[in-house]
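A short worksheet on the structure shown next.
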Amino acid sequence: MPTAMIALGGNSISQKGEAGDISLQFTHTKHALDGISHFIDRNYNLCINHGNGPQVGNELYRMELTQNKIPSLPLNICVAATQGTIGYMIQQSLQNKLRSKNIDREVVTLVSQVIVNVNDPKISIPQKFIGPRYKKEKAKDLAKKFNWHIKEQNKGEWRRVVPSPMPEYIMHGKSIKSLVDRGTIVISSGGGGIPVFNNDSGHLEGLDAVIDKDFSAAKLGRIIRAQELWIITDTDSVYLNFGSEHQKRIRCSTRDQIEKYLNKGEFQKGSIEPKIVAAIHFLKHHGEKVVITSIPFIENALNETAGTIIRN
């Protein structure tokens, strides 16, 4: 039975331009799992992680708005909280999907910690976009009021940015692998995982940062010995010259070829580039296949007629 590590984009649950209320998030979650169910139909062992940018950004905003009445919580606690809430939505929706198919498989969610290097230079350079998008003046007002770092993501769209160090080690790997190997569907390292570091006493301590979910998925996929890594995003494939009249879909590629494209700067920083870096890492460490696609194209990508497929 093949094992797949699936990195599910946060926008699959909370989409651009929406208020993001829970009923809408549940609706999007159920739609996303219509795509994931194709793996179940083909008897895959599964581990799923997910993004949490919109959700953790909203959590932080709530903290800031109520800070005069209720003590604010740090970012690492908000990451832990969204692991639970998003994991619950995925877990319940997927369990119902299994029941409708009369399939007796369990779904579990793990609150997952990820060890980072506290001296990682990326910690001092906020660069990871989280939370809602704002017009420039609104973003500047919020940044001044709440001491945020902000940055323009797309033309006219400004968002908060926070540190995003590289994950060095995914904790709980043996437990996750044991569950996945017995057929349990595991939701783990949600939002990339809760960033922690080993302090001078050798104890774990939380860090106010967020981890790229695709990097964590690549490392976790390595730990559980997954043959396949699926990166589910909001575009159907990877493209060269994306967004231009000369854009060209990459249907199939090798690790060496995709790395050449990466080194030439072909991929957008902050969007597709981290996914390519994660794909290369996975393939260098026992992985056999990476697929980058979107929810509606999963079934065709399983038949290798859609998406971008990268092999060694």
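The values are calculated or read from the model by the stated rules, or taken from the named source; none is laboratory data. Because the structure is a prediction, the values reported are computed rather than measured. Reconstructed Cβ throughout: ideal geometry from the backbone, glycine too, with neighbour counts over all protein chains shown. These accessible areas exclude ligands, DNA and RNA; they are computed on the full protein's heavy atoms, side chains included. Shrake-Rupley method; radii C 1.70, N 1.55, O 1.52, S 1.80 Å.
Does the stretch 258-277 contain any residue that is part of a helix (DSSP H, G or I), of a type in the set (Gly, Ala, Ser) and farther than 14 Å from THR308 by Cβ?
Our first condition is that a residue be part of a helix (DSSP H, G or I); within the stretch 258-277, this holds for 258-263, 272-277.
Imposing the further condition that a residue be of a type in the set (Gly, Ala, Ser) reduces the set to none.
No.
Just one of the listed residues (GLY57, GLY35) is closer than 18 Å to PHE146 by Cα, open to solvent by less than 20 Å² (accessible area, probe 1.4 Å), in a helix (DSSP H, G or I) and not hydrophobic (A, V, I, L, M, F, W, C), and it is GLY57.
Entry remark, the stretch 260-312: residues being farther than 24 Å from SER37 by Cα and of a type in the set (S, T, N, Q) number 4 in total.
If you go through the stretch 206-232, how many residues are open to solvent by less than 40 Å² (accessible area, probe 1.4 Å) and either in a loop (DSSP other than H, G, I, E, B) or in contact with a Lys or Arg (Cβ under 7 Å, 6 or more places away or on another chain) (or both)? Number of matching residues: 10. Among the criteria (1) surrounded by fewer than 19 Cβ atoms within 10 Å (Cβ to Cβ); (2) closer than 17 Å to ILE123 by Cβ; (3) touching a residue at least 12 places away in the same chain (Cβ under 8 Å), the one ASP200 does not fulfil is (3). With THR293, THR235 as the choices, which residue is of a type in the set (S, T, N, Q) and more than 21 Å from SER188 (Cα to Cα)? Testing whether each residue is of a type in the set (S, T, N, Q) and more than 21 Å from SER188 (Cα to Cα) leaves just THR235.
Hey, could you check the stretch 265-286 for residues that are over 14 Å from the mean Cα position of the chain (by Cα) and under 13 Å from ALA7 (Cβ atoms) and say which is surrounded by the fewest Cβ atoms within 10 Å (Cβ to Cβ)? The selected residue is HIS281. Of the strands (runs of 3 or more DSSP E) entirely within the stretch 101-173, those holding at least 3 residues that are open to solvent by 70 Å² or more (accessible area, probe 1.4 Å) and either basic (Lys, Arg) or free of Cβ contacts under 8 Å to residues at least 60 places away in the same chain (or both) occupy 149-154.
Listed by first and then second residue, the pairs linking a residue in the stretch 221-250 that is among the acidic types (Asp, Glu) to a residue that is buried (at least 22 other Cβ atoms within 10 Å of the Cβ) and assigned to a strand (DSSP E or B), with Cβ atoms under 7 Å apart and 6 or more places separating them unless they lie on different chains, are GLU228/ALA4; GLU228/VAL291; ASP236/THR293.
Got a number for residues in the stretch 174-197 being open to solvent by 10 Å² or more (accessible area, probe 1.4 Å) and either modelled with pLDDT under 95 or in contact with a Ser or Thr (Cβ under 6 Å, 6 or more places away or on another chain) (or both)? Number satisfying all stated conditions: 1. For the stretch 26-76, the set of residues classified as among the hydroxyl-bearing types (Ser, Thr, Tyr) and under 20 Å from LEU207 (Cα atoms) consists of TYR61, SER72, listed by residue number. Scanning the stretch 287-312 for residues that are over 26 Å from ARG160 (Cα atoms), of a type in the set (S, T, N, Q) and open to solvent by less than 20 Å² (accessible area, probe 1.4 Å) gives THR293, THR308. The lone criterion from (1) farther than 22 Å from SER23 by Cβ; (2) open to solvent by 30 Å² or more (accessible area, probe 1.4 Å); (3) not hydrophobic (A, V, I, L, M, F, W, C) left unmet by ASN49 is number (2).
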